[in-house]
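Accompanying notes for the structure given below.
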Amino acid sequence: MRRDSRALYLSKCYVSAEMDETDFKKLEQRVDELIALVERLHTENKTLRDREAGLLAERATLVERTELARTRVESMISRLKAMEHE
């Protein structure tokens, strides 16, 4: 819908001076629904950000442990090769 036709639609549906009580109640209910949706999405977004932070911390720990294990394995391989040449 084009911008000017959307404005015309809104002016006819919601901003009309002849808006009756039923229309007003519907609009009020829709606004309440949108407010509830925004609040729910805000909460969900915070939950997801917290979860992401936890997963990033866990990943950092796992990367560190993997590097430590790699260093130990490389050290063992070096020692085994040195023992082999003796």
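Just so it is clear, none of the values below were taken in a lab; they were calculated from the coordinates. Keep in mind it's a predicted model, so treat the numbers as computed, not measured. Positions of Cβ are generated from backbone atoms using ideal geometry, with glycine treated the same way; all protein chains shown enter the neighbour counts.
Data table
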read-out	value
Sorted by Cβ density within 10 Å, fewest first, the residues ASP32, ASP23	ASP32, ASP23
Per-residue HN-Hα couplings for region 57-62 [Karplus 6.51, -1.76, 1.60; θ = phi - 60°; Hz; x = Gly/Pro]	5, 5, 4, 4, 4, 5
Karplus (6.51, -1.76, 1.60) ³J(HN,Hα), θ = phi - 60°, over region 40-54, in Hz, Gly and Pro reported as x	5, 5, 4, 4, 4, 4, 5, 4, 5, 5, 4, 5, 4, 4, x
